[in-house]
1. Expressed as a whole number of Å, what is the distance separating the alpha-carbon centroids of segment 105-130 and segment 1-65?
2. Can you tell me what percent of all Cα-Cα pairs in segment 1-125 are more than 18 Å apart?
3. Top to bottom by accessible area (1.4 Å), largest first, where do Cys41, Cys177 land?
4. Quick query: amide H of Phe195 versus all other amide H atoms, modeled in the peptide plane; which residues come in under 5 Å with a sequence gap of 5 or more or a different chain?
5. Convert 25 °C to kelvin, take the viscosity as 0.890 mPa s, use the Kirkwood radius over C-alpha pairs of segment 19-89 as Rh, and evaluate the Stokes-Einstein diffusion coefficient in µm²/s, rounded to a whole number.
6. What FRET efficiency would be calculated for the residue pair Thr166, Ser8, taking the C-beta separation as r and a Förster radius of 45 Å, to the nearest 0.05?
7. May I have the convex hull volume per residue, in Å³, for the Cα set of segment 57-194?
8. To the nearest 10 degrees, how steep is helix 9-30 against the longest Cα principal axis of the chain, on a 0 to 90 scale?
Amino acid sequence: MPSKPVLSDADKKAIRKKLEELCEECWTAQGYKKTSIKNLCDKAVISIGTFYTLYPTKEDLFLETITDIQRRLTEKIIDINRKSRTKEGFAQSMKRLFREYDSKPFLYNVNTPDFQSFVTKLPEETIKKIKFDSFDFFRQVIHAADLNLKMEEAQAYGILSALLSTINAKETLSVTCDYFSVFDFMVDSLVADIFE
């Protein structure tokens, strides 16, 4: 009986990258529950056995995917602020973040039944790792922008968190207006009051 081909480290890395890209695409389009391992394997042109040599569970792939999305997004927002160390640059980075949230609801809407079915299968310490720490994030972004706050740090972070949470009202707002315009107006107005 012929032996199964052994995957090299480079092959494993390439397959993991492809699966992560497919996971992000499917999660965004159809959610966690409707994204099956079989479908991901078919799209990646690998066997289900190969999947399980790389990931013990479906949740391990989703966890790696969300962790990478959060890392990339944080780096992107910090980079925008490093390149434009102004209030306007900071406002632009928040607009970019808002639009990323809009394109990937699972980044902010963690109370949906779909997201909860994913999270409930994770150990408690893992859940803590993927929870978005907005205070730490804003601290990093403000440091990268080299801006000074006009108010207490906790109050500024609370305002920025509340501002981003308006994404939860997008369905209501979109009936009467362009919710991106509403967010953009609010962030442009608030940045002047938050920073010196």
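The values are calculated or read from the model by the stated rules, or taken from the named source; none is laboratory data. Every value quoted in this text rests on a predicted model; they were computed, and no experiment measured them. Every residue, glycine among them, receives a Cβ derived from its backbone with ideal geometry; neighbour counts consider all protein chains shown. Note: accessible area is taken over every heavy atom of the protein model, side chains too, but ligands, DNA and RNA are not part of it. Shrake-Rupley method; radii C 1.70, N 1.55, O 1.52, S 1.80 Å.
1. Distance between centres, Cα-based: 20 Å.
2. Numbers: 4633 of 7750 pairs.
Tail fraction, whole percent: 60.
3. Numbers: Cys41 0, Cys177 50 Å².
Correct descending sequence by accessible area is Cys177, Cys41.
4. Close amide H contacts, sequence-distant or interchain: Lys150.
5. Value of D from the Cα-based Kirkwood radius: 179 µm²/s.
6. Details: r = 47 Å, r/R0 = 1.05.
Rounded to the nearest 0.05, the efficiency is 0.40.
7. Numbers: hull volume 15.1 nm³, N = 138.
So the per-residue Cα hull volume is 109 Å³.
8. The angle comes out at about 60 degrees.
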